[in-house]
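Colleague: Let me begin by handing over the structure; questions about it come next.
The values are calculated or read from the model by the stated rules, or taken from the named source; none is laboratory data. Remember, predicted model here, so these are calculated numbers, not experimental data. In this analysis, Cβ positions are derived from the backbone assuming ideal geometry, glycine residues included, and neighbour counts consider all displayed protein chains.
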Amino acid sequence: MATTITGSRQVVEDYQKLFANCRAYTMQSMRPHPESGRHYYFRPSKNGTDIPLMLTDETIRQHLEGKITVGLYASNPSTQRCKWVAINADYKNSMEDLLKLQYHLSQDRAQRLANAWHLITSPTWRLHGTALSVCGSLIVIATSI
């Protein structure tokens, strides 16, 4: 049985504080490309214009409830710093590569790149903490910057 997540005001607010560094975002196509079968990401815009839509609480709620898939930018445009990074690594031997990456980033303490690592191999949901919903093997780097 699938777990249903309700995008309450508090959940949306917490998600936004943790992951939304700016109001720009991308959205995954609702239908796959007819020839490739792949879904693509695009910057949504107001109907009939080139004016990009900005991220709203409603967009985040729909994303959390699984109605749409959005991509958020990790970099804060005013500081050019990130407070999170997510790497999808769901291929054979991915855990070995992720552990190597963890080691190399942890050696660079001057840049304060990695102070919390979560190697997640099963789906998780926890906004009051650091983990979030995942699919496959994913690594989340939470920084204090």
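Colleague: Do the conditions hold for Lys92, that is, is it among the basic types (Lys, Arg), assigned to a loop (DSSP other than H, G, I, E, B) and not assigned by TED's automatic domain parsing to the domain that holds Ser8?
Modeller: On the way: among the basic types (Lys, Arg): yes; assigned to a loop (DSSP other than H, G, I, E, B): yes; not assigned by TED's automatic domain parsing to the domain that holds Ser8: yes.
Yes.
Colleague: Pairs under 7 Å by beta carbon, first residue in contact (Cβ under 8 Å) with a residue 40 or more places away in the chain and closer than 15 Å to Thr59 by Cβ in region 24-43, partner assigned to a loop (DSSP other than H, G, I, E, B) and aromatic (Phe, Trp, Tyr), six or more apart or different chains?
Modeller: Close Cβ pairs satisfying both conditions: Ala24/Tyr73.
Colleague: Go through region 1-60 and count every residue that is among the hydroxyl-bearing types (Ser, Thr, Tyr), in a loop (DSSP other than H, G, I, E, B) and within 25 Å of Thr79 (Cα to Cα).
Modeller: 1
Colleague: Could you say whether any residue in region 61-77 is assigned by TED's automatic domain parsing to the domain that holds Ser8, among the acidic types (Asp, Glu) and surrounded by fewer than 11 Cβ atoms within 10 Å (Cβ to Cβ)?
Modeller: Scanning region 61-77 turns up no residue that is assigned by TED's automatic domain parsing to the domain that holds Ser8, among the acidic types (Asp, Glu) and surrounded by fewer than 11 Cβ atoms within 10 Å (Cβ to Cβ).
Colleague: Is it the case that region 16-30 has a residue that's in contact with a Ser or Thr (Cβ under 9 Å, 6 or more places away or on another chain), aromatic (Phe, Trp, Tyr) and at pLDDT 90 or above?
Modeller: Within region 16-30, one or more residues are in contact with a Ser or Thr (Cβ under 9 Å, 6 or more places away or on another chain), aromatic (Phe, Trp, Tyr) and at pLDDT 90 or above.
Colleague: Among Lys46, Lys17, which is without any contact (Cβ under 8 Å) to a residue 12 or more places away in the chain, charged (D, E, K, R) and in contact with a Leu (Cβ under 8 Å, 6 or more places away or on another chain)?
Modeller: Lys46
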